[in-house]
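A.B. asks: My questions all concern the structure below.
No value in this document is a laboratory result; all are computed from the given coordinates. This is a predicted model, so every value here is computed, not measured. For neighbour counting, all protein chains shown are included, and Cβ atoms are generated from backbone atoms with ideal geometry for every residue, glycine included.
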Amino acid sequence: MSLLSLSTEEQQALRSNSPLLWLNPRLGDQNASPSQPALAGIDDAEARLLRFAPLLSDLFPELRASEGLIESPLLETSFLNETIDTKGGRLLLKADHSLPVAGSIKARGGIHEVLCLAEELALQAQLISSTTDDYRKLGRDAARQLFASHNLAVGSTGNLGLSIGIIGAALGFSTSVHMSSDAKEWKKQRLRNRGVTVVEHDADYGAAVAAGRAQSDANPRSYFVDDENSPRLFMGYAVAARRLQQQLESARIPVDAAHPLFVYLPAGVGGAPGGITFGLKQLFGEHVHCFFAEPTQAPCMMLGLAGEPGSTPIPVYDFGLSIATDADGLAVGTAAQWVCDSVRHQVSGVYTVADHSLYRSLLALKERENIEVEPSAAAGCSGPAMLNTDAGQRYLQQQGLIGQENRITHLIWTTGGSLVPEQEYQHYLEQAIKNTI
């Protein structure tokens, strides 16, 4: 397999663990995405989340105020804008670190996928007569007995496992989460406290997924949530774009040729940023510019998107990298091929960030905006500065935006943090302070 769109210099930067902004030469090339998902999937996912909203409001008290809607605020970040150089542009933050129920972006896709399964089983068992029925019936004993006879399984570095485990346990499913060696202990314990079986693996994310899939396949009443190849996860994430559009309109923030939107999305195996990018491009087309953010030790999406359409993504290990990063949610060695083949023509580029930069951003978020996130969720903060690099200036030139930087709206998408225990977050702050000395 060849990397057709990574220069020798870019490959050397990857090997040397150096931060890099890679521009996607296949942006806009439909032929680069041989597995384009159906647009109707977003409509289906949005409608399903609305059908389940009354039940979710019953199951989770924190959703009662929103009537079962799982959504995060769009925040103005005037103080952070003084720290992050946007060349006069506007800086916003999409606060998925504070998403209710699961505390991370995984609450979108993960919960949606489990709701898909619950709906499917309930319709088959005639616990609900149709999709117009009252879904609060699925919180009653008959439904819980049905769900308890089925197993849910997932492989995760942490946050997807939390999402699946929390909603699975709330509905009554027997749930197993296979965790990679870099998963945080507090995430494992939170799952165990909810009655979820946690299976620990000494290897990386890929090994945890493979083990979870194999165990699930051996049980005919088990359902495996496949983060690498799941349209259900993908479309759950894509719904976020419509929610964001409503928030932008409410704030009277336009997205058009004169007011482009630049979005910075932390990326692990690819499902969450891929789904959101897919949704945003349907709404805003060429006026939205989506960049993925990855640790320098785990640039799997960069390698995946830079590869040939239809080809198996190259592991980061082939570049001498080890996925040794404190950004555990992004510690993935190989990208999801299905996601790469779905959005390769829509992603503007990918940049990498060293751990010390993640900690500096984590500290800035706390000091400037009193926002507490995990290290991985701070990756988006480095996005605007990447536009000041040679590669970033080339991109602005290609888009006709040189001299128009003050018209850009920059959107940092945070992805996890609100469930982090106080002691763990204090450890993050200590590390962040050390990186500023």
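A.B. asks: At 7 Å along the Cα-to-beta-carbon direction for both Ser250 and Lys137, put a label point, then send me their distance in nm to one decimal.
C.D. replies: Inter-label distance under the simple model: 3.2 nm.
A.B. asks: Which distance in nm do the two modelled labels at Ser18 and Gln145 give, with both placed 7 Å along the Cα-to-Cβ direction?
C.D. replies: Calculated label separation equals 6.6 nm.
A.B. asks: In a Gaussian network model over the chain where Cα atoms closer than 10 Å are linked, find which of Asp182, Asp43, Asp96 has the largest mean-square fluctuation.
C.D. replies: Taking springs between Cα atoms under 10 Å, the residue moving most is Asp43.
A.B. asks: Describe numerically, in nm with one decimal, the distance between label points set 7 Å from Cα along Cα→Cβ at Gln11 and at Asp85.
C.D. replies: Going from the Gln11 label point to the Asp85 one covers 3.2 nm.
A.B. asks: Just going by the charge dipole of the stretch 367-435, with Lys and Arg at +1 and Asp and Glu at -1 on Cβ, which of Tyr425, Leu396, Ile408 is farthest out on the positive end?
C.D. replies: Selected residue: Leu396.
A.B. asks: Continuing with this model, one more query. Using a 10 Å cut-off around each Cβ, can you sort His356, His150 from fewest to most neighbouring Cβ atoms?
C.D. replies: His356, His150
A.B. asks: Specify the residue with the greatest mean-square fluctuation among Thr277, Thr414, Thr77, computed from a Gaussian network of the chain linking alpha-carbon atoms under 10 Å apart.
C.D. replies: Thr77
A.B. asks: Based on the alpha-carbon gyration tensor of the chain, what equivalent-ellipsoid semi-axes (square roots of 5 times the eigenvalues) come out, in whole Å, largest first?
C.D. replies: Numbers: eigenvalues 218, 111, 97 Å².
For the chain, the ellipsoid semi-axes come out as 33, 24, 22 Å.
A.B. asks: I need the shape label for the stretch 1-129. Rule: rounded when a/c is under 1.5, else prolate if a/b > b/c, else oblate, with a, b, c from the alpha carbon gyration tensor.
C.D. replies: Details: a/c = 2.77, a/b = 1.50, b/c = 1.85.
Because a/c hits 1.5 or more and a/b fails to exceed b/c, the stretch 1-129 counts as oblate.
A.B. asks: From the gyration tensor of the Cα coordinates in the stretch 226-322, what semi-axes in whole Å does the equivalent ellipsoid have, largest first, with each one equal to sqrt(5λ)?
C.D. replies: On the way: eigenvalues 158, 44, 26 Å².
For the stretch 226-322, the semi-axes come out at 28, 15, 12 Å.
A.B. asks: Can you give the FRET efficiency for Ala203 and Ser130, using 1/(1 + (r/R0)^6), R0 = 35 Å, r = Cβ-Cβ distance, to the nearest 0.05?
C.D. replies: Numbers: r = 44 Å, r/R0 = 1.27.
Efficiency for this residue pair is about 0.20.
A.B. asks: Let a ≥ b ≥ c be the square roots of the eigenvalues of the Cα gyration tensor of the stretch 92-170; is it rounded (a/c under 1.5), or, if not, prolate (a/b larger than b/c) or oblate? It would help to have the intermediate numbers written out before the result.
C.D. replies: Details: a/c = 2.68, a/b = 1.75, b/c = 1.53.
Verdict is prolate for the stretch 92-170.
A.B. asks: Additional query: Translational D (Stokes-Einstein, µm²/s) of the stretch 375-437 at 10 °C and 1.306 mPa s when Rh comes from the Kirkwood sum over C-alpha pairs? Display every interim value, and only then the final one.
C.D. replies: Values: Rh = 14.2 Å.
Using the Kirkwood radius from Cα pairs, D works out to 112 µm²/s.
A.B. asks: Under a GNM of the chain (C-alpha, springs under 10 Å), which listed residue has the highest mean-square fluctuation: Met386, Met302, Met235?
C.D. replies: Top of the fluctuation ranking is Met386.
A.B. asks: Along the stretch 54-67, what does the Karplus equation 6.51 cos²θ - 1.76 cosθ + 1.60 (θ = phi - 60°) give for ³J(HN,Hα), rounded to whole Hz, x for Gly and Pro?
C.D. replies: Couplings: x, 5, 4, 5, 6, 6, 10, x, 5, 9, 5, 5, 9, 6 Hz.
A.B. asks: Give the lysines reachable from Lys187 as a straight Cα distance under 24 Å; neighbours fewer than 8 places away on the same chain don't count.
C.D. replies: Lys94, Lys106, Lys366
A.B. asks: Here is a follow-up. Gain in length, Leu283 to Gln393, computed as 0.36 nm per residue apart minus the alpha-carbon separation, to one decimal in nm?
C.D. replies: 37.0 nm
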